[in-house]
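Values in this text are rule-based calculations from the coordinates and carry no lab data. Just so you know, these numbers come straight off a predicted model, no measurement behind them. Neighbour counts run over all protein chains shown; Cβ positions are idealised from the backbone, glycine included.
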Amino acid sequence: MPAAQRTTAWPLALAAICLIVYASLYPFADWRNQGISPLRFLTAPLPKYWTGFDVGANLLGYAPLGFLLALSALRSRRVSRAVSVAVLGSALLSLAMEMLQSYLPSRIPSNVDLALNTLGAWLGACCAWALQKVGVVDRWSRFRARWFAQNARGALVLLVLWPPALLFPASVPLGLGQVFERLESALAEALADTPFLEWMPMRELELQPLVPIAELLCVTLGALIPCLLGYCVIRTRWQRATFSVAMIAVGMAASGLSAALSYGPQHAWAWLDLPVQVGIGLAAVLALALLALPRRAAAALTLLALAIHLGLLNQAPANPYFAQTLQTWEQGRFIRFHGLVQWLGWLWPYAAMLYVLARLSGRERPPSAKT
């Protein structure tokens, strides 16, 4: 397949599979053989109790996977088999998850869940097929060819995952990748009662909240990084300007939605205080000032911005309202979704660093952006 037509649907489908596995097998604890066949649920009576939320979650949980798998097949020109391959792959994944749940006492495998997952995947796959038939997929291909470089797939996947990553509450708005304190605690717990614990460098003082100027810089970089990442693959200056405005708006919307889900709709914009407003405004000004930056220079600046952002962010303590947030989200319904976006929020900037490093290490030297 030509590089220009390499689809982002397949990497996004892999991400969807990882998220489904996480949501299906969480909390990954107390595995045991309960003395029953893992396939017994297939012939079990239908459950007596179910809710509309359960039906919707099982349908919608697999619809994106069916859509992305079918879209991958369609973009690979395997049109006649696209829907069948997507539904079969999704059904096998659902079957595997239900079988594994029989070894988790906290989870209950269900034939209804399997049927709803398969139906959701079929609906998603049919949606992709319909979009292909009416020409939407081809129009997207032409749009992508006009706007983005040939090797833009990795950047596009990261940019699509950035707004969901922002749904996890952070101690600093638009701050992703705050893992130092958690890694330190996890390592200390793992090395407890061993002589290696003494080898760990111990902090004399607890981490302190960032001062306003440091918070401002952190917010600025948090909003600017996805813009710079887009500049690595976007062709022209006016396209970059449009993209940067859209990304900053999407980032603010995702942060507002996160606050609304975590603390209530009345607090959706409580995080947007003066330092944050100034930081976002400064990010917009810098994004516009850097429109003419060559793609390779944009990649180098993205790497520098990520390093400074992570260095600042990991000097701040974890969100003190995290425990309260978990209680606010409905236990048993949103807790697994919360865990998913938490991992996205932790890992996104490090995945972006790896992508930019790989891009900088390549031999290709793309031309600078044109007007």
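Can you pull the Rg over Rh of the stretch 3-147, Cα-only, Kirkwood? Kindly include the intermediate steps, with their values, before the conclusion.
Working: Rg = 17.3 Å, Rh = 16.3 Å.
On the Cα set of the stretch 3-147, Rg over Rh gives 1.06.
Please give the FRET efficiency for Leu304 paired with Ser106, using the beta carbon to beta carbon distance and R0 = 30 Å, rounded to the nearest 0.05.
Approximately 0.10, to the nearest 0.05.
With 10 angstrom as the radius, rank Ser94, Ser37, Ser102 by how many other C-beta atoms surround their C-beta, starting from the fewest.
Numbers: Ser94 24, Ser37 10, Ser102 18.
The order, fewest Cβ neighbours first, is Ser37, Ser102, Ser94.
List the extent of the Cα atoms of the stretch 110-153 along each of their three principal axes, largest first, rounded to whole Å.
46, 24, 9
Any chance you could run the full-extension gain for Ala270 through Trp238? It's 0.36 nm times the residue separation minus the Cα-Cα distance, nm to one decimal. Show your work: numbers first, answer last.
On the way: separation 32, 0.36 × 32 = 11.52 nm, distance 3.27 nm.
Answer, rounded to one decimal: 8.3 nm.
Order of 138-147, 158-167, 300-309 by packing, highest average Cβ count within 10 Å first?
The densest-packed peptide leads the list: 158-167, 300-309, 138-147.
Report the charge-dipole magnitude of the stretch 1-150 in Debye, nearest 20, computed about the Cα centre from +1 at each Lys and Arg Cβ and -1 at each Asp and Glu Cβ. Please report the intermediate quantities before stating the final value.
Details: 14 positive and 5 negative charges, 151 e Å.
Using Cβ point charges on Lys, Arg, Asp and Glu, the stretch 1-150 gives about 720 debye.
Taking the Cα centre of the stretch 82-189 as origin and charging only Cβ (+1 Lys, Arg; -1 Asp, Glu), how large is the dipole, in debye to the nearest 20?
Around 720 debye, computed over the stretch 82-189.
Please compute the modelled spin-label separation between Ile17 and Gln342, points set 7 Å along Cα→Cβ, answer in nm with one decimal.
2.6
Suppose R0 equals 35 Å; then what is the FRET efficiency for Val250 and Phe28 from their Cβ-Cβ distance, rounded to the nearest 0.05?
0.65
Does the stretch 239-279 classify as rounded, prolate or oblate by the C-alpha gyration tensor (a ≥ b ≥ c root eigenvalues; a/c under 1.5 gives rounded; else a/b over b/c gives prolate, otherwise oblate)?
Here the stretch 239-279 falls in the oblate category.
Determine, from the Cβ-Cβ distance of Thr43 and Ala297 and an R0 of 41 Å, the FRET efficiency 1/(1 + (r/R0)^6), rounded to the nearest 0.05.
Once the sixth-power term is evaluated, E becomes 0.10.
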